[in-house]
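For reference, the structure discussed in these notes is given below.
What follows is calculated from the coordinates using simple rules that are stated; it is not laboratory data. Computed from a predicted structure; not experimentally measured. Cβ: placed from backbone, ideal geometry, glycine included. Neighbour counts: every protein chain shown.
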């Protein structure tokens with residue numbers, strides 16, 4: 001939780017930008033995001049507050065599959081993501 005609310009998948013993953021040098025202004029892509037980018041799970045888009053890595057349809061499908069495995073993503077801790085992915089009803093997420 002950040003600033004009193006959970007992050008949203010619709011907002012994507014925030015990426016920092018290079019402040020100087022030949023790559024100034026370009027997004028800094030961490031290895032995990034680079035791997036997802038190469039597999040077509042995310043795409044880079046400009047956002048209100050800088051570049052974002054947005055999940056593609058394939059990325060959302062893979063995330064849904066991951067969320068179904070209780071060992072990979074705790075249903076209580078990630079209830080907000082399960083709800084946003086359509087795996088749980090809003091009242092189920094509030095009860096947990």
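Can you tell me the relative contact order of the chain? Whole percent, Cα pairs under 8 Å, sequence separation 6 or more.
On the way: 100 pairs, mean separation 21.6, N = 96.
Relative contact order comes out at 22 percent.
Going by alpha carbons, how many degrees (0 to 90, nearest 10) lie between the helix axis of 57-68 and the longest principal axis of the chain?
Approximately 40 degrees, to the nearest 10.
Quick one: what does P(r) look like for the stretch 11-55 with 10 Å bins over all Cα pairs, in whole %?
Going from the shortest bin to the longest, the percentages are 31, 52, 17.
Give the peptides 71-83, 37-49, 13-25 in descending order of average Cβ contacts within 10 Å, highest first. Mind dumping the intermediate values first?
Values: 71-83: 14.8, 37-49: 13.2, 13-25: 11.0.
Ranked from most to least packed, the peptides come out as 71-83, 37-49, 13-25.
Add -39500 (n - 2.57) for each DSSP H run of 4 or more in the chain, then divide by its residues: what number comes out at 222 nm, to the nearest 500 deg cm²/dmol? Walk me through the numbers before you get to the answer.
Working: 4 runs with 32 residues, N = 96.
Value at 222 nm, helices only, nearest 500: -9000 deg cm²/dmol.
Any chance you could tell me what percent of the C-alpha pair distances in the chain go past 19 Å?
Values: 2286 of 4560 pairs.
In whole percent, the long-distance tail amounts to 50.
Using the beta-carbon distance between residue 72 and residue 24 and R0 = 25 Å, what value does 1/(1 + (r/R0)^6) give for FRET efficiency, to the nearest 0.05? Could you put the intermediate results ahead of the total?
On the way: r = 38 Å, r/R0 = 1.50.
Rounded to the nearest 0.05, the efficiency is 0.10.
log10 I(q)/I(0), Debye, Cα-only the stretch 57-96, no solvent, q = 0.20, 0.21, 0.32 Å⁻¹?
Values, matching the q order: -0.52, -0.57, -1.11.
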